[in-house]
Amino acid sequence: MTTAFNSQHDNALLECNNLSFAYQNQSILSNISFAISNKQFVGLIGGNGAGKSTLLRCLYRYLSPTAGDIYFDQQLLGAIDNRTLAQNIAVVVQELPNDFNLCAFDVVALGLVPYSTFFSSLSSSQHSQIIDALHAVGMFEKSRQGYETLSGGEKQRVLIAKAIVQQPKLLIMDEPTSHLDIKYQLEIMQLTKSLDMTVLASFHDLNLASAMSDRLLLLHSGELVANGEPAEVITNDNIKAYFDVEANVVSHPTGEHPMVIYDYQRLAT
Amino acid sequence: MSSYKKANPKAMLSILLICLLAVTSIMLSLIIGAVSISFNDVINSLFLEQESQAISQIIWQLRLPRTLMAFIAGAGLALSGLVLQTVTRNPLADPYLFGVSSGASFAVVLTMVMFNVDLYASTYLLSFTGLSVAAFIGSLVVIAILIFITRYQANLHTLVLAGVALSFMFSAFTSFLLYFSDPQAISAIMFWTLGSFTRTQLDGVLISAVIFTVMYLFIQSRHRQLNAMIMGDETALTVGVNPNRLRMLMLTLSALMTAVLVANCGGIGFVGLIIPHIVRYFHSQGSAWLYMIVALVGGIFMLWVDIISRLLIENQELPIGIITAAIGSLFFLTLLVRNNRHHSAFLR
């Protein structure tokens, strides 16, 4: 592939070079460059409207960037066909319409659509793949329940089961823990970590992001302002400059990762 | 594992029951009518020797084409409705709501008025083919306008509202044409627009059956991709489906099916709306059998509407469209009331 020569990082699974995105002449993302290597868990953080979802949408090709290149596995992202891309990148999106209420089993089965051929219905091995994934996320008992009737945490678990059967190299998650109780947040995160996949996930909760990620990307007003290990990104200065709050970053008592203690009495001055 | 193996026989059983019901309904549709024909005579005419020429003719030239046409029309409209509901994620989608039928009707009426096409002419095949082509062009024009309007704003609500607006617009055009036509043509066209299977001939049945089969096979081959569309374009994309292309393909197929049916039996509304909703009460949306069951139930429903249209008033036949619209609007209101009572019921 000739496109491979443009890639700067030889062992990067995903690479962004000077990515920009504008909507109606308004810049949303500008000049974003980073690379993700295999089996890394990368957290994407930033305030509301920083461009987290837009960046992720460019990466799973729901949006096309206005400038810049994205490489997946040394290939230009735009040159990969839909099916192949779906076999390599699975996505857990934030909100899903489901007016006709597919059951949990059927939602998980969607993960096998990239592997389906004309007229094929589920083979028995695909059946057991789905059942295994439902067991893995602890949703087997509710597999015939309508997806809409499930709780927030259960919905996320079903979507992760869908990602499991999709067998991707990269899993992209857009705020997988929003609206969840702390128990389910941890449950979903532990489940994700146990998959042994390369993960790129956006977070609202800085402490959760810090605890889970090998590396963090910090977006602010569409620009990538920090990229590194949690300790390099979660700093007093960064929190103050990009989240507009006063905070004190300490080391978490049980781990290596930094932890943010907010000053609830005042905003950044 | 085992609980999923059990799900299949259940689906097979319901399909078997529905097939039995379909065969019974077809038999009854051949038996019931202005002239009552016995079961034995029907069997003899169809498969064995029939002594009475008159009975054989009634069966082969009147009852059989009409029965098959009613079945295909019901199946085709129900399937079109289901696939439109799926790709637009709108529980109220139906070929009529989207203006597809109105576009087809307008094109047919325009052709009739311009070329003085006689609905009961001996050159049936020619006029039927001509009207089908006109209807298809009419429905494609509607689809093209819909695509154009939603091109820069791929919003599903826009699609539905634009469809409703187009439906009214083309109905107005049709009324305008009728206003300037001579009274005799008007009454013939009015009867046609209300829907009827009386003038059906075997050629028309054959063409409709071919189009139906093509549409059905296409939908069945893509049923897993269609499931992905239910969870949104974004989800569809991330499992390798091109949502816009699949949606346009399905819109075009249902336009073709609707067009042929409009040319053949006029305007029959609400079937595409009612049947998928009824089937969803006892069969899950995600199932691979859903499309077949919806088609079969649609066919059975239409057979019974046709039988009722023959029985309701003695020595006279009610237009089909009147009956389906009456049942359909009641059904529609029931859905709305249920929806108000407990919000999620509408969207089950």
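Below, the figures for the structure above:
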quantity: Unique residue being under 15 Å from the mean Cα position of the chain (by Cα) and modelled with pLDDT of 90 or more when the list is A:N38, A:N18; calculated: A:N38
quantity: Filter result for B:A228 (assigned to a helix (DSSP H, G or I), under 26 Å from B:G138 (Cβ atoms) and either in contact (Cβ under 8 Å) with a residue 40 or more places away in the chain or within 14 Å of chain A (Cβ to nearest Cβ) (or both)); calculated: no
quantity: Qualifying residue in the range B:293-307 (condition: within 17 Å of B:T213 (Cα to Cα), at pLDDT below 90 and either touching a strand residue (DSSP E or B) at 6+ places or on another chain (Cβ under 8 Å) or among the aliphatic types (A, V, I, L, M) (or both)); calculated: no
quantity: Residues of the range A:209-218 classified as hydrophobic (A, V, I, L, M, F, W, C) and in contact with a helix residue (DSSP H, G or I) (Cβ under 6 Å, 6 or more places away or on another chain), total; calculated: 3
quantity: Any chance B:V214 is surrounded by fewer than 24 Cβ atoms within 10 Å (Cβ to Cβ) and part of a helix (DSSP H, G or I); calculated: yes
quantity: Selection count, the range A:218-252, where residues are more than 19 Å from A:A201 (Cα to Cα) and of a type in the set (G, A, S); calculated: 3
quantity: Identity of the residue in the range A:58-84, surrounded by 21 or more Cβ atoms within 10 Å (Cβ to Cβ) and within 12 Å of chain B (Cβ to nearest Cβ), that ends up farthest from A:N25 (Cα to Cα); calculated: A:Y60
quantity: Candidate set from the range A:124-156 (those that are among the polar types (S, T, N, Q) and closer than 18 Å to B:V239 by Cα); member that is surrounded by the fewest Cβ atoms within 10 Å (Cβ to Cβ); calculated: A:Q126
quantity: Complete set of residues in the range B:145-164 that are surrounded by 14 or more Cβ atoms within 10 Å (Cβ to Cβ) and either modelled with pLDDT of 80 or more or small (G, A, S) (or both); calculated: B:I145, B:L146, B:I149, B:A162, B:G163, B:V164
quantity: Index of the failed condition, A:Y62 passing every other in (1) without any contact (Cβ under 8 Å) to a residue 12 or more places away in the chain; (2) more than 18 Å from A:S20 (Cα to Cα); calculated: (2)
quantity: Enumeration of residues in the range B:241-271 that are buried (at least 22 other Cβ atoms within 10 Å of the Cβ) and more than 22 Å from B:P95 (Cβ to Cβ); calculated: B:V241
quantity: Flag for B:I219 being more than 7 Å from chain A (Cβ to nearest Cβ) and not in a helix (DSSP H, G or I); calculated: no
quantity: Tally, over the range A:121-140, of residues that are in a helix (DSSP H, G or I) and over 12 Å from A:Q166 (Cβ atoms); calculated: 10
quantity: Unmet criterion (only one of (1) touching a residue at least 40 places away in the same chain (Cβ under 8 Å); (2) of a type in the set (A, V, I, L, M, F, W, C); (3) under 25 Å from B:L202 (Cβ atoms); (4) in a helix (DSSP H, G or I)) for B:I15; calculated: (3)
quantity: Matching entry among A:F118, A:F100 (being within 9 Å of chain B (Cβ to nearest Cβ), part of a loop (DSSP other than H, G, I, E, B) and crowded, with 20+ Cβ neighbours inside 10 Å); calculated: A:F100
quantity: Residue that is surrounded by the most Cβ atoms within 10 Å (Cβ to Cβ) [pool: residues in the range B:115-141 that are over 17 Å from B:G266 (Cβ atoms) and modelled with pLDDT under 90]; calculated: B:L140
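Conditions tested, residue by residue: (1) within 21 Å of the chain's Cα centre (by Cα); (2) aliphatic (A, V, I, L, M).
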residue: B:L13; (1), (2): no, yes
residue: B:L17; (1), (2): no, yes
residue: B:S36; (1), (2): no, no
residue: B:S45; (1), (2): no, no
residue: B:Q61; (1), (2): no, no
residue: B:A73; (1), (2): yes, yes
residue: B:A93; (1), (2): yes, yes
residue: B:Y96; (1), (2): yes, no
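The values are calculated or read from the model by the stated rules, or taken from the named source; none is laboratory data. Computed from a prediction, not measured in an experiment: that's the story for all the values here. Cβ coordinates were reconstructed from backbone atoms using ideal geometry, including for glycine residues, and neighbour counts include every protein chain displayed.
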